[in-house]
Amino acid sequence: MYKAKAYSVTSATSPFASTTIQRREPTDQDVQIEILYCGICHSDLHQARNEWSGVMPTVYPCVPGHEIVGKVTKIGSAVTKFKAGDLVGVGCLVDSDGTCPECKAGLEQFCPNMEFTYNFPDKHLGGVTYGGYSESIVVNERFVLRIPANLDPAGAAPLLCAGITTYSPMRHWGVGKGKKVGVVGLGGLGHMGVKFAHALGAHTVVFTTSPSKKDDALRLGADEVVLSRDANEMAKHAGSFDFILDAVAAEHDLNAYINLLARDGNLTMVGAPETPLPVAVFGLLFRRRSFSGSLIGGIAETQEMLDFCGEHNITSDVEVIPIQKLNEAYERLVKSDVKYRFSIDMASLKAE
Ligand code: NAP
Ligand code: ZN
């Protein structure tokens, strides 16, 4: 075991503060990574503030962070995919059993024995896993991804969660040329969704509650922008979408979007608000529409997404911050005031 600097919260209401955590020495299959950048996902905020207490109660102290990019510093004796100095990424998953049908299908996120990067029982050290708001992490090589060399590491970090969470359902539901696709909520996930829908060739429409984001939405690749609180603007799109991706972190009206779907259209929820959202079933019956959810993506598909980003030069639009600004960043995230992802420059942790 060795000590690593990190930032943690000690309760649902306490601010982040500097701390020291234990990391394991790399075992045979492990890769030790010096973290360069870590994105701030809204899930980090839900978890730090125990907003998902009914499903995934938070164990304190909690060190969030699952959008990690860093450099390999050490490898175990059985590691074959990586060497010291490689630029790598780690997302939301750090382990799974590797033998169940889900793992065999490349869907490790649904493995009954999968392990999240933070706030999950730690098989190696006991207690819970600690995430990327830290100077280093040790991860089994199966869960370490390659970052294409042409991508800026600060902007690549959010691909590890925001990227794969939006890419995976779009691939699953056949987003591409000739499809009309909506993205609801222009936040960290949403802005990646717009970039992917556009790169995949779909006619892309952004739904936002923030009039100030209209120009950005077009710059990011949207063909049209709809202010979702304007009922007239919404009505113009009734019954016309093949697919809508909803990436909203708060309570909102899903039925307004179900009504915009064409026959056999699908609304996929990736946002994870803390409260249940009512769905009017009749909206689904007519036109055989469907409503689904999606959770990040498997490891092979995450690598596919990263390679796609390498080919198309896609990264997240980031605001790089020192870790000392973490509490301020969280306050801004609640107000949808980030363009479009915070990425923590972990060099700032050295000053602690
Ligand atoms: P984010 O950056 O805060 O973006 C959320 C966006 O939702 C905001 O920018 C805002 O966009 C919109 N919004 C906020 N409050 C709203 C309200 N009251 N009504 C309507 N729209 C509102 O968050 P994120 O990091 O993208 O995460 C979004 C959600 O996805 C979170 O709940 C997170 O936990 C979840 N998530 C799920 C997965 C998964 O695997 N399923 C993975 C990662 C994250 P506008 O200003 O454009 O309206
Ligand atoms: Zn996330």
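For the chain, take N as its residue count and report Rg(C-alpha) divided by 2.2 N^0.38 Å. Don't skip to the answer; put the middle values down first.
Working: Rg = 19.8 Å, N = 352, 2.2 N^0.38 = 20.4 Å.
Its radius of gyration relative to the 2.2 N^0.38 Å reference: 0.97.
Treating only the Cα positions of the stretch 121-192 as identical point scatterers, give the base-10 log of I(q)/I(0) from the Debye formula at each q in 0.17, 0.22 Å⁻¹.
Debye intensities relative to I(0), on a log10 scale: -0.89, -1.15.
Pick out, from 36, 182, 162, the residue whose Cα sits farthest towards the positive end of the charge dipole of the stretch 33-183, with +1 on the Cβ of Lys and Arg and -1 on the Cβ of Asp and Glu.
182
Suppose we keep just the alpha-carbon trace of the stretch 1-125; what are its Rg and Dmax in angstrom?
When restricted to the Cα atoms of the stretch 1-125, Rg and Dmax are 15.3, 43 Å.
For the stretch 155-263, run through the GluC sites (Glu not before Pro) and keep only the ones in DSSP coil with at most 16 other Cβ atoms within 10 Å of their Cβ. All intermediate terms of the calculation are to be shown ahead of the outcome.
Numbers: sites: 224, 233, 251; in loops: 251.
Sites meeting the loop and neighbour criteria: 251.
List, in order, the whole-Hz ³J(HN,Hα) value for each residue of the stretch 150-156 obtained from phi through the Karplus relation with A = 6.51, B = -1.76, C = 1.60 and θ = phi - 60°; use x for Gly and Pro.
Once θ is set to phi - 60°, the couplings for the stretch 150-156 become 7, 8, 5, x, 5, x, 7 Hz.
Regarding the stretch 272-324, what are the three Cα extents along the principal axes, ordered largest first, in Å?
46, 33, 20
Full extension from residue 110 to residue 3: what is 0.36 nm times the residue separation minus their Cα-Cα distance, to one decimal in nm? Walk me through the intermediate numbers first.
Values: separation 107, 0.36 × 107 = 38.52 nm, distance 3.14 nm.
The span from residue 110 to residue 3 would gain 35.4 nm if fully extended.
Using 0.36 nm per residue of separation minus the Cα-Cα distance, give me the extension gain between residue 279 and residue 236 in nm, one decimal. Spell out each step's value before the answer.
Numbers: separation 43, 0.36 × 43 = 15.48 nm, distance 2.14 nm.
Gain on extension, residue 279 to residue 236, equals 13.3 nm.
Could you tell me the ratio Rg/Rh of the stretch 163-293? Both radii from Cα atoms, Rh via Kirkwood. Show your work: numbers first, answer last.
Numbers: Rg = 13.2 Å, Rh = 14.3 Å.
With Rh from the inverse mean 1/r over Cα pairs, Rg/Rh is 0.92.
Please list, in order along the stretch 92-109, the HN-Hα scalar couplings obtained from phi with the Karplus expression 6.51 cos²θ - 1.76 cosθ + 1.60 (θ = phi - 60°), rounded to whole Hz, x for Gly and Pro.
Going residue by residue, I get 7, 10, 10, 6, 6, 6, x, 10, 6, x, 5, 4, 5, 8, x, 10, 4, 5 Hz, with x marking Gly and Pro.
Run the quick spin-label model on residue 262 and residue 219: label points 7 Å from Cα toward the beta carbon, then report their separation in nm to one decimal.
Reported label-point gap for residue 262 and residue 219 is 3.1 nm.
Could you work out the relative contact order of the chain, using alpha carbon pairs under 8 angstrom and six or more residues apart, expressed as a whole percent? List each step's numbers first, then the result.
Working: 832 pairs, mean separation 64.2, N = 352.
Relative contact order, the chain: 18 percent.
In the Gaussian network model of the chain, springs joining C-alpha atoms below 10 Å, which of 100, 111, 38 carries the largest mean-square fluctuation?
100
Relative to the compact-globule scaling 2.2 N^0.38 Å, provide the ratio for the alpha-carbon radius of gyration of the stretch 53-171. Before the final figure, lay out each step's value.
Values: Rg = 14.5 Å, N = 119, 2.2 N^0.38 = 13.5 Å.
It is 1.07.
Tell me, what ³J(HN,Hα) does each residue in the stretch 131-147 have, in order and in whole Hz, if you take phi through Karplus 6.51 cos²θ - 1.76 cosθ + 1.60 with θ = phi - 60° and put x for Gly and Pro?
The phi angles translate into x, x, 7, 7, 7, 7, 8, 10, 9, 4, 4, 4, 10, 9, 10, 8, 9 Hz.
Which far-off residues, 5 or more places away or on another chain, put their amide H under 5 Å from the one on residue 342, with H placed in the peptide plane?
Hits under the 5 Å cutoff: 40, 319.
Under a 10 Å cutoff between Cα atoms, tell me which one of 58, 27, 268 has the largest fluctuation in the Gaussian network model of the chain.
With Cα springs under 10 Å in the chain, the top fluctuation among 58, 27, 268 is at 27.
Check which residues have an amide H placed less than 5 Å from residue 81's amide H, if you skip close sequence neighbours.
none
Quote the relative contact order of the stretch 22-112 in percent (integer), defining contacts as alpha-carbon pairs under 8 Å separated by 6+ residues.
Working: 133 pairs, mean separation 26.1, N = 91.
The normalised contact order for the stretch 22-112 reaches 29 percent.
Taking the solvent-accessible surface of protein heavy atoms with a 1.4 Å probe, what is the per residue accessible area of the chain in Å²?
Value returned for the chain: 41 Å² of accessible area per residue.
In whole angstrom, how far apart do the alpha carbon centroids of the stretch 73-130 and the stretch 163-238 sit?
32
Calculated FRET efficiency, residue 347 and residue 251, Cβ-Cβ r, R0 35 Å, to nearest 0.05?
0.40
For a quick check: with amide H placed at 1.01 Å from N, whose amide H comes under 5 Å from residue 265's, ignoring anything fewer than 5 positions away on the same chain?
290
How much of the accessible area of the chain, in percent, comes from carbon and sulfur atoms when a 1.4 Å probe is used? Please list the in-between numbers first.
Numbers: 7750 of 14560 Å².
Carbon and sulfur: 53 percent of the exposed surface of the chain.
Dividing the alpha-carbon Rg of the stretch 210-275 by 2.2 N^0.38 Å yields what?
Details: Rg = 12.3 Å, N = 66, 2.2 N^0.38 = 10.8 Å.
Normalised by 2.2 N^0.38 Å, the Cα Rg of the stretch 210-275 equals 1.14.
The values are calculated or read from the model by the stated rules, or taken from the named source; none is laboratory data. In this text the structure is predicted, and so the values were computed from the model without any measurement. A quick note on method: Cβ atoms are made from the backbone with ideal geometry, for glycine too, and the neighbour counts reach across all protein chains shown. Ligands, DNA and RNA are stripped out before the accessible areas are found, and what is left, the full protein with its side chains, is counted by its heavy atoms. Shrake-Rupley method; radii C 1.70, N 1.55, O 1.52, S 1.80 Å.
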